[in-house]
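Novice: Sharing a structure, written as structure tokens. Questions coming.
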Amino acid sequence: MLNSSRGRSQTRPTRSAPFAVMEPDHKKKSNIVGKILMVVGLTALCIIMLNKSPSLSTPTHFSRHEEGVTHVLVTGGAGYIGSHAALRLLKENYRVTIVDNLSRGNMAAVNILQKLHPQPGRLQFIYADLGDAKAVDKIFSENAFDAVMHFAAVAYVGESTMDPLRYYHNITSNTLTVLKSMAAHRVPTLIYSSTCATYGEPEKMPITEGTPQASCKHFPINPYGKAKKMAEDMILDFSKNSNMAIMILRYFNVIGSDLEGRLGEAPRPELRDQGRISGACFDAARGIVPGIKLRGTDYKTQDGTCIRDYIDVTDLVDAHVKALQHAKARNVGIYNVGTGKGRSVKEFVEACKKATGVNIKVEYLPRRPGDYAEVFSDPSKIRRELNWTARYTDLEESLEIAWRWQKVHRDGYNSP
């Protein structure tokens, strides 16, 4: 377009004109050059702004490796066990990144950890789903991890029998996603949270790390155990041609709470029927439910109820830290994490009655699909190789510590 009114009157076509008079070539070229210069200028401005963006160019504590600092990714770190592990790691001066989609975890637990360790470079939380491969790869590309503690998983035996596909996706498939990103970004160490459910129901007790997992007779009888075993098999196959240091911890029934009362177990209300027996006992003791339902009283055990090995969460996370400290490149360590002592469900309920001071009402029901009659560990290998042994083995004492948190947090982390 020309700038002067005189120019415009000279070039404006009449109604009868079959075409418009064109601009002079030198002015057209001038406009094109101006537009090019404008695009170049805007592009340069965008580049400058992007370079100044701290999220894209400025290194953070979490995006770079630092000598003497171990940066651990804790998947599922907003959950019961994961949050306790993150607390212990922070106490030991590890750098921690928590990744959780909060489907089972509690953001309030993360907030507590952040208040306890507010210093820059100590703890960060990333909301993400491990089923989203692109999101997971982005997390690994933007952070310099030295190790991964992979806790994130749905973990209820009863629920797994009703919704098995969810368990295979959430446990097996998501573990594959994490493992692929670790390999792609050369993260050297994996501590994998597994379970005694991978053993099925062996004929001999206690369970050792050499107890067969794969025989038809003993194979895990619930999708939770099967999904965990598939994840283990995948990790072991990968390890054959990898330099990664891998530790697989197969632990038993987790109970207890942070000794100082900062964290506890707070399952979602809709999952209470699927949760751990300790949660059911506490709900009954608080009057949230009328009593506890014991499923299965006809097992071939001393009192007819299932026998389990109850491991305190404080001992469990201690085992994870020791596993991290002893992990070696091109090596796989597999360990049972338990007390080595089996206690029946009836014994557990009696201990809970004493710990809470409440005469909990008990209702006896038929067996729950997927449950084993008797499962307890032989922890001698982890004691011998990692110098770990369970310290909090008094069942009533562990329940008393957990009960103190439960009384204060009647509505879980939503309590005032």
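Novice: Return the only residue of 310, 299, 392 being touching a residue at least 40 places away in the same chain (Cβ under 8 Å), more than 20 Å from residue 265 (Cβ to Cβ) and not charged (D, E, K, R). Explain how you work it out, then say what you get.
Specialist: Values: 310 fails: more than 20 Å from residue 265 (Cβ to Cβ); 392 fails: more than 20 Å from residue 265 (Cβ to Cβ).
Answer to the check: 299.
Novice: Picking from 122, 95, 104, which residue would you name as being at negative phi and either among the hydrophobic types (A, V, I, L, M, F, W, C) or out of contact with any strand residue (DSSP E or B) (no Cβ under 9 Å at 6 or more places or on another chain) (or both)? Lay out the reasoning, then the answer.
Specialist: Details: 122 fails: either among the hydrophobic types (A, V, I, L, M, F, W, C) or out of contact with any strand residue (DSSP E or B) (no Cβ under 9 Å at 6 or more places or on another chain) (or both); 95 fails: either among the hydrophobic types (A, V, I, L, M, F, W, C) or out of contact with any strand residue (DSSP E or B) (no Cβ under 9 Å at 6 or more places or on another chain) (or both).
Being at negative phi and either among the hydrophobic types (A, V, I, L, M, F, W, C) or out of contact with any strand residue (DSSP E or B) (no Cβ under 9 Å at 6 or more places or on another chain) (or both) holds for just one of 122, 95, 104, which is 104.
Novice: Continuing with this model, one more query. Being within 17 Å of residue 76 (Cβ to Cβ), at pLDDT 95 or above, in a helix (DSSP H, G or I) and not small (Gly, Ala, Ser) is the requirement here; does residue 248 meet it? Show your work before the answer.
Specialist: Details: within 17 Å of residue 76 (Cβ to Cβ): yes; at pLDDT 95 or above: yes; in a helix (DSSP H, G or I): no; not small (Gly, Ala, Ser): yes.
Against the criterion (within 17 Å of residue 76 (Cβ to Cβ), at pLDDT 95 or above, in a helix (DSSP H, G or I) and not small (Gly, Ala, Ser)), residue 248 does not qualify.
Novice: State whether one or more residues within region 172-185 are assigned to a loop (DSSP other than H, G, I, E, B) and either at pLDDT 95 or above or farther than 23 Å from residue 226 by Cβ (or both).
Specialist: Yes, the conditions are met somewhere in region 172-185.
Novice: So if I check each of 356, 297, 339, which one is closer than 24 Å to residue 250 by Cβ and either out of contact with any His (no Cβ under 7 Å at 6 or more places or on another chain) or surrounded by 22 or more Cβ atoms within 10 Å (Cβ to Cβ) (or both)?
Specialist: Values: 356 fails: closer than 24 Å to residue 250 by Cβ; 297 fails: closer than 24 Å to residue 250 by Cβ.
When all the criteria are applied, what remains is 339.
Novice: Sticking with this structure for a sec: Only residues in region 50-76 that are closer than 16 Å to residue 126 by Cβ count as the first member; pair them with residues that are exposed (fewer than 10 other Cβ atoms within 10 Å of the Cβ) and modelled with pLDDT under 95, Cβ under 9 angstrom, at least 6 apart or cross-chain, and list the lot.
Specialist: Cβ pairs passing all conditions: 60/54.
Novice: Would region 300-311 turn up any residue that is of a type in the set (Gly, Ala, Ser) and assigned to a helix (DSSP H, G or I)?
Specialist: First, pick out the residues of region 300-311 that are of a type in the set (Gly, Ala, Ser): 304.
Still in the list and also assigned to a helix (DSSP H, G or I): none.
No.
Novice: I need a count of the residues in region 359-385 that are of a type in the set (Gly, Ala, Ser), surrounded by fewer than 16 Cβ atoms within 10 Å (Cβ to Cβ) and in contact with a helix residue (DSSP H, G or I) (Cβ under 7 Å, 6 or more places away or on another chain). Walk me through how you get there before you give the answer.
Specialist: Our first condition is that a residue be of a type in the set (Gly, Ala, Ser); within region 359-385, this holds for 370, 373, 377, 380.
After this cut, where a residue has to be surrounded by fewer than 16 Cβ atoms within 10 Å (Cβ to Cβ) as well, the list is 373, 380.
From the residues that got through so far, the ones that are in contact with a helix residue (DSSP H, G or I) (Cβ under 7 Å, 6 or more places away or on another chain) too are none.
Of the residues in region 359-385, 0 are of a type in the set (Gly, Ala, Ser), surrounded by fewer than 16 Cβ atoms within 10 Å (Cβ to Cβ) and in contact with a helix residue (DSSP H, G or I) (Cβ under 7 Å, 6 or more places away or on another chain).
Novice: Just one of the numbered conditions (1) in contact with a His (Cβ under 6 Å, 6 or more places away or on another chain); (2) modelled with pLDDT under 95 is not true of residue 192; which one?
Specialist: (2)
Novice: Assess whether residue 189 counts as being among the hydroxyl-bearing types (Ser, Thr, Tyr), within 19 Å of the chain's Cα centre (by Cα) and over 20 Å from residue 134 (Cα atoms). Outline the logic, then answer.
Specialist: Values: among the hydroxyl-bearing types (Ser, Thr, Tyr): yes; within 19 Å of the chain's Cα centre (by Cα): yes; over 20 Å from residue 134 (Cα atoms): yes.
Yes.
Novice: Is there a residue in region 382-391 that is more than 16 Å from residue 309 (Cα to Cα), touching a strand residue (DSSP E or B) at 6+ places or on another chain (Cβ under 8 Å), assigned to a helix (DSSP H, G or I) and of a type in the set (D, E, K, R)?
Specialist: yes
Novice: Among the residues of region 106-121, which ones are of a type in the set (S, T, N, Q) and more than 19 Å from residue 76 (Cβ to Cβ)? Steps first, answer last, please.
Specialist: Let us first name the residues in region 106-121 that are of a type in the set (S, T, N, Q), namely 106, 111, 114, 119.
Once the filter is applied, which keeps residues that are of a type in the set (S, T, N, Q) and more than 19 Å from residue 76 (Cβ to Cβ), region 106-121 yields only 119.
Novice: Kindly indicate whether any position in region 195-210 is modelled with pLDDT under 90, closer than 19 Å to residue 372 by Cβ, touching a Pro at 6+ places or on another chain (Cβ under 8 Å) and not hydroxyl-bearing (Ser, Thr, Tyr).
Specialist: Yes.
Novice: Within region 111-128, can you find the residues that are in contact with a Ser or Thr (Cβ under 8 Å, 6 or more places away or on another chain) and not hydrophobic (A, V, I, L, M, F, W, C)?
Specialist: 121, 124
Novice: Just give me the residues in region 315-332 being under 23 Å from residue 69 (Cα atoms) and not aliphatic (A, V, I, L, M), in sequence order.
Specialist: 318, 320, 322, 325, 326, 328, 330, 331
Novice: Do the conditions hold for residue 317, that is, is it surrounded by 20 or more Cβ atoms within 10 Å (Cβ to Cβ), within 21 Å of residue 199 (Cα to Cα) and either modelled with pLDDT of 95 or more or among the aliphatic types (A, V, I, L, M) (or both)?
Specialist: Numbers: surrounded by 20 or more Cβ atoms within 10 Å (Cβ to Cβ): yes; within 21 Å of residue 199 (Cα to Cα): no; either modelled with pLDDT of 95 or more or among the aliphatic types (A, V, I, L, M) (or both): yes.
So residue 317 does not fit the description; no.
Novice: Let me ask you something else. If you take the residues of region 82-100 that are out of contact with any Leu (no Cβ under 7 Å at 6 or more places or on another chain) and part of a helix (DSSP H, G or I), which of them is farthest from residue 153 (Cα to Cα)?
Specialist: Per the criteria, the residue is 91.
Novice: Restricting the search to region 263-294, which residues are closer than 25 Å to residue 340 by Cβ, buried (at least 22 other Cβ atoms within 10 Å of the Cβ) and in contact with a Ser or Thr (Cβ under 8 Å, 6 or more places away or on another chain)?
Specialist: 265, 281 - these are the residues of region 263-294 that are closer than 25 Å to residue 340 by Cβ, buried (at least 22 other Cβ atoms within 10 Å of the Cβ) and in contact with a Ser or Thr (Cβ under 8 Å, 6 or more places away or on another chain).
Novice: Pick from region 110-162 the residues that are part of a helix (DSSP H, G or I) and at pLDDT below 95: which of them is surrounded by the fewest Cβ atoms within 10 Å (Cβ to Cβ)? Break it down stepwise before answering.
Specialist: Taking region 110-162 as the starting set, the residues that turn out to be part of a helix (DSSP H, G or I) are 110-116, 133-142, 157-162.
Subsequent filtering for residues that are at pLDDT below 95 retains 157-162.
Values: 157: 21, 158: 18, 159: 20, 160: 28, 161: 17, 162: 13.
Among residues in region 110-162 that are part of a helix (DSSP H, G or I) and at pLDDT below 95, the one surrounded by the fewest Cβ atoms within 10 Å (Cβ to Cβ) is 162.
The values are calculated or read from the model by the stated rules, or taken from the named source; none is laboratory data. This one's a predicted model, so the numbers in the text were calculated from it and none came from an experiment. Glycine also receives a Cβ, built like all others from the backbone with ideal geometry; neighbour counts cover every protein chain displayed.
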